[in-house]
Amino acid sequence: MIHAEILITTPADPRPVRALAQTDDKGSSDTVGPGKLSVMVVEDEWIVSMEIEAALEEGGYDCVGVASTAREALALAGSARPDLVLMDIRLKGNDDGVEVAKELRNRFGLRCLFISAHADGATKERAAGADPLGWLPKPFSAPQLLQMLAAVNSELGQK
Amino acid sequence: MGQDLADAVLDALDEPVFLVDLNGGIAFSNRAAESLFGSARRGGTLLDLVEQPHEALIQYLRRCSGTAQTLPGAATLRDVSGELIRFRLRGARTRMEGTPYIFVRCLHSQRDQFPALAAKIRELNAEIHQRRRIQATLEESLRNNEVLLRELHHRVKNNLQMLIGLMAAAQRETSSDEARSILEEVVQRITAIGSFQRLMHESQEIRTISSAPFVQAICDATATTIGDRLRIEVRADDGELSHEVGMPLALILNELLTNAAKHAGGSIGGSVRVGLFSGDQGWELVVHDNGPGLPPDPRNRRSSGLGLVKGLCRQLGASLKAENADGARFVIRFGRQEQT
């Protein structure tokens with residue numbers, strides 16, 4: 001038998017603040033001040049990416065852009081330097097989101113929140129090297145995404 | 001033993017027998033040998049009967065010439081009709097009238113000492129081989145089906161995600177509050193279906209899902225989407241729910257939680273208790289909020305929340321009781337016979 005309580009609260013100001021201390025590929029630390037948290041989306045389904053962008057905007061996040069391939073993701077990350085990445089696993093042209101996430105971690109010190117229908121144990125184990133921020137299994141709603149991002153932001157802000 | 005007697009004994013053997021000199025020259029062949037290889041072979045050489053190359057047979061004869069103990073060997077010989085036959089050889093040095101010879105018996109490979117046993121072994125070997133081939137085919141087929149199933153689950157979840165995206169886009173576009181509210185409810189329902197789909201995928205069982213994680217997952221999914229202040233207490237007995245029951249039950253629970261959020265969620269300290277209990281007669285789902293209770297004449301459209309609950313209860317063969325008991329209390333009972 002399980003017994004659990006879920007407490008849902010709506011914060012007075014749900015807009016996220018920047019709470020990440022980034023480390024770039026050279027190992028230097030760049031502590032950022034308050035402001036919009038910037039998010040890069042890596043998703044090859046246009047309808048899904050559109051919904052994510054809208055949810056991010058609604059939640060007060062700065063969406064720096066959407067990439068649908070590994071190449072686009074690495075290029076966008078290099079130019080936009082987002083605070084975090086929302087990463088699908090299966091990308092356009094059979095590109096692998098897990099490998100892209102590892103590359104982003106190695107090159108730019110970026111961490112990903114995986115948003116995927118592939119959230120099984122084997123995939124999570126494979127993605128451990130990318131040091132993921134979390135997993136949001138598909139299908140998810142905008143409130144679920146924003147709640148997850150708020151939790152991630154809060155966790156990172158405490159570190 | 002006289003020569004005639006020796007010849008008679010050798011002629012009585014089933015297998016071809018040769019007496020050859022160190023170069024393979026045939027000094028004697030028995031009746032079986034002449035029958036198989038022709039009488040003209042007498043005076044010829046054993047090497048004439050063997051397929052090229054000869055070296056292996058020459059080596060074998062040399063080894064036999066060094067011992068009176070029988071040595072095993074093998075050769076493929078051509079019979080009088082030109083057919084090639086594989087023989088197991090048994091050869092040993094012997095002496096006749098002071099001259100050294102090599103005595104060679106040609107045992108037919110297929111004419112085993114225990115023919116029935118050998119045939120059975122061959123039959124079993126063939127069966128094992130066949131079974132291994134079938135097993136390999138089945139394993140390959142199983143792997144393909146697993147990949148296909150994973151792909152189907154993945155596609156279903158992605159398609160549900162796209163549906164949510166389309167509904168949410170329509171929700172943003174409309175200027176009608178009513179339409180926005182209806183679309184939001186639809187998104188919630190699809191999210192509940194998605195949660196059930198994920199549990200079904202993660203479950204190791206092909207026909208059932210575990211009841212306690214199921215209730216928790218639907219409550220979690222609905223709770224996130226509701227967005228109002230509402231405490232949800234969840235109690236669920238452990239057990240198995242069939243997939244046929246799981247999907248409508250996910251939607252029923254989502255509707256009752258949404259209803260609770262609408263009526264009890266607005267007030268301070270609003271809460272709802274969700275219970276799924278297993279009894280002798282079957283399952284009982286209880287959703288009890290602490291809101292103002294049911295209105296005297298609740299809307300009963302088929303597509304409204306309560307209409308949906310009633311319709312899905314009918315699909316499950318479940319009874320539905322809605323009552324006021326310090327808030328709205330819904331009790332849904334359904335038997336285990338539906339879990340097939």
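The values are calculated or read from the model by the stated rules, or taken from the named source; none is laboratory data. It should be emphasised that the depicted structure is a prediction, and the values quoted were computed from it without experimental measurement. In this analysis, Cβ positions are derived from the backbone assuming ideal geometry, glycine residues included, and neighbour counts consider all displayed protein chains.
Annotations for the structure displayed:
- Residue match in the stretch B:254-265 (condition: in contact with a Pro (Cβ under 7 Å, 6 or more places away or on another chain), more than 9 Å from chain A (Cβ to nearest Cβ), more than 26 Å from A:H118 (Cβ to Cβ) and part of a helix (DSSP H, G or I)): yes
- Scanning the stretch A:104-124 for residues that are touching a helix residue (DSSP H, G or I) at 6+ places or on another chain (Cβ under 9 Å), more than 19 Å from B:R155 (Cα to Cα) and buried (at least 16 other Cβ atoms within 10 Å of the Cβ) gives A:L104, A:R105, A:F108, A:L110, A:R111, A:C112, A:L113.
- One residue from B:R301, B:R231 being modelled with pLDDT under 90 and in a strand (DSSP E or B): B:R231
- Looking only at the stretch B:1-25, and only at residues there that are surrounded by 16 or more Cβ atoms within 10 Å (Cβ to Cβ) and either in contact (Cβ under 8 Å) with a residue 24 or more places away in the chain or among the polar types (S, T, N, Q) (or both), the one that is nearest to B:T99 (Cα to Cα): B:D21
- Residue within the stretch B:184-199 that is under 27 Å from the mean Cα position of the chain (by Cα), surrounded by fewer than 23 Cβ atoms within 10 Å (Cβ to Cβ) and within 7 Å of chain A (Cβ to nearest Cβ) present: yes
- The listed residue being in contact (Cβ under 8 Å) with a residue 60 or more places away in the chain and not acidic (D, E), out of A:A117, A:A122, A:A150: A:A150
- Output for the stretch B:245-272, where each listed residue is touching a strand residue (DSSP E or B) at 6+ places or on another chain (Cβ under 6 Å) and within 12 Å of B:V215 (Cα to Cα): B:G246
- Of all residues in the stretch B:262-280 being at pLDDT below 85 and not hydroxyl-bearing (S, T, Y), the one that is surrounded by the most Cβ atoms within 10 Å (Cβ to Cβ): B:A264
- Looking only at residues in the stretch B:110-159 that are acidic (D, E) and within 30 Å of B:L13 (Cα to Cα), the one that is surrounded by the most Cβ atoms within 10 Å (Cβ to Cβ) is B:D112.
- So B:Q216, is it under 24 Å from B:K262 (Cβ atoms) and within 8 Å of chain A (Cβ to nearest Cβ): yes
- Those helices (runs of 4 or more DSSP H) lying entirely in the stretch A:87-159 with at least 1 residues under 20 Å from A:E58 (Cα atoms) and among the hydroxyl-bearing types (S, T, Y): A:142-158
- Condition met for A:L91 (under 28 Å from B:Q171 (Cβ atoms), in contact with a Cys (Cβ under 8 Å, 6 or more places away or on another chain), within 14 Å of chain B (Cβ to nearest Cβ) and not small (G, A, S)): no
- B:A221 being within 12 Å of another protein chain (Cβ to nearest Cβ), in contact with a Phe, Trp or Tyr (Cβ under 9 Å, 6 or more places away or on another chain), buried (at least 24 other Cβ atoms within 10 Å of the Cβ) and modelled with pLDDT under 90: yes
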